[in-house]
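Peer 1: Take a look at this one; I'll ask things after.
Values in this text are rule-based calculations from the coordinates and carry no lab data. Computed from a prediction, not measured in an experiment: that's the story for all the values here. Note that we place each Cβ from the backbone using ideal geometry, even for glycine, and neighbour counts take in every protein chain shown.
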Amino acid sequence: VRRVLKNIHQTEDGRVIASSAMRAINLVGDRWTLLILYSAFLGVRRFDDFRHATGMARSLLVGRLKRLEAAGVLRRSLYQQRPERYEYRLTPMGADFFVTAFIILRWEKIWHYDVATPSHRMVHTPCGREFTPRVVCAHCNEELLGRDVTVVPGPGAGFDPRPAPRMNRRSALEAEEGQSLHPMLERSVEIIGDRWNAFTIAMALSGKRKFKEFQETVPVASNILADRLARLVKLNILTRNLYQERPERFEYRLTPMGRDLFPLIASLIIWSDRWLAGPEGPPDIVTHKCGAELKLRLECDQCGKALKPGSAQLPA
Ligand SMILES: [Zn+2]
Ligand SMILES: [Zn+2]
């Protein structure tokens with residue numbers, strides 16, 4: 001795991017070294033974006049159905065749908081002429097995000113299974129059973145583990161602009177008033193539906209432990225970083241340990257639950273390499289210990305068949 005994502009850095013002029021993980025996190029490391037995508041995977045297409053499913057306020061939903069459309073993840077199409085009504089469908093780029101969506105489901109089921117959450121009892125349509133996705137290397141079929149993977153600079157290695165601030169407080173509060181249709185993948189959304197959390201986890205997976213090391217590599221103000229580290233400790237993703245007495249210094253280590261977020265971050269890198277790389281190619285390439293460039297295969301743990309987009313549904 002140590003070498004994973006080693007090259008997320010910021011430069012003196014505020015640019016950051018191009019990183020596949022960071023590009024993906026900038027796009028989807030947002031609570032509302034994740035809830036919209038999750039709903040889309042469950043077949044939601046219309047504005048009011050998205051509102052109902054996610055509990056988002058109208059203006060917030062309008063903004064996020066626009067953003068996903070501009071990013072090429074959703075496509076808007078007219079389904080009624082008078083009055084004009086549009087629906088939102090996943091593009092091939094959006095549909096390809098199913099790998100990450102299934103990996104989120106896997107993590108949530110393994111670490112936070114709750115029988116009262118319909119999402120956790122998702123059924124694999126072909127075999128009709130409740131299932132937990134299994135993640136393997138598509139080349140050698142071995143289960144994906146962080147220690148078996150390295151990230152090397154790709155042809156698109158270079159610089160990206162510093163991520164711009166995005167969401168304001170007000171829209172967040174406004175949205176909290178809503179009620180979603182049913183609890184979704186709340187734990188994962190809480191953890192990776194925040195860009196700085198997701199960056200911090202990616203950094204921890206790359207072997208960073210000390211506050212200073214995080215600060216050098218995550219393009220974030222130190223108060224935000226301190227806040228996210230404390231949150232991740234509270235959520236049992238990281239532990240905080242004293243490593244020096246005078247002055248007191250702490251280091252942060254991933255718990256087993258935190259380390260198990262590796263497949264999720266790996267899937268984001270692969271998705272980013274496929275869809276967010278410019279003509280020059282991806283900035284990072286992930287390779288598996290078998291020597292192949294990492295491609296993930298998802299399987300149903302009940303019937304062993306490959307999981308496909310749309311092959312799972314909520315329990316009846
Ligand atoms: Zn392999
Ligand atoms: Zn199955």
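Peer 1: Order the peptides 27-35, 274-282 from the highest to the lowest mean number of other Cβ atoms within 10 Å of their residues.
Peer 2: Sorting 27-35, 274-282 by mean packing, highest first, produces 27-35, 274-282.
Peer 1: Might you report the magnitude of the Cβ-based charge dipole of the range 91-146 about its Cα centre, with Lys and Arg at +1 and Asp and Glu at -1, to the nearest 20 debye?
Peer 2: Using Cβ point charges on Lys, Arg, Asp and Glu, the range 91-146 gives about 140 debye.
Peer 1: Please label the shape of the chain as rounded, prolate or oblate, based on the square roots a ≥ b ≥ c of the eigenvalues of the alpha-carbon gyration tensor (a/c under 1.5 means rounded; beyond that, a/b larger than b/c means prolate, else oblate).
Peer 2: rounded
Peer 1: Considering lysine pairs in the chain that are 8 or more places apart or on different chains, how many have Cα atoms under 24 Å apart?
Peer 2: Taking the Cα cut-off of 24 Å, the pair count is 16.
Peer 1: Now for a different question. For the chain, build the charge dipole from Cβ charges (+1 Lys, Arg; -1 Asp, Glu) around the Cα centre, then report which of A277, T287, L37 sits farthest towards its positive end.
Peer 2: Of the options given, the answer is L37.
Peer 1: Using just the helices of the chain, give the 222 nm mean residue ellipticity in deg cm²/dmol: DSSP H runs with n ≥ 4 each add -39,500 (n - 2.57), and the total is spread over all residues, rounded to 500.
Peer 2: Roughly -11500 deg cm²/dmol at 222 nm, from the helical runs in the chain.
Peer 1: Let's see if you can work this out: charge +1 on each Lys and Arg Cβ, -1 on each Asp and Glu Cβ, no other charges. What is the dipole magnitude of the chain about its Cα centre, in debye to the nearest 20?
Peer 2: Dipole magnitude for the chain comes out near 160 debye.
Peer 1: On a full-extension model of 0.36 nm per residue, what is the gain between Q81 and T287, subtracting their alpha-carbon distance, rounded to one decimal in nm?
Peer 2: So the extension gain works out to 69.2 nm.
Peer 1: I'd like the Karplus ³J(HN,Hα) series for the range 91-100: coefficients 6.51, -1.76, 1.60, θ = phi - 60°, whole numbers in Hz, and an x wherever there's a Gly or Pro.
Peer 2: Those phi angles translate into 7, x, 4, x, 4, 5, 6, 4, 4, 4 Hz.
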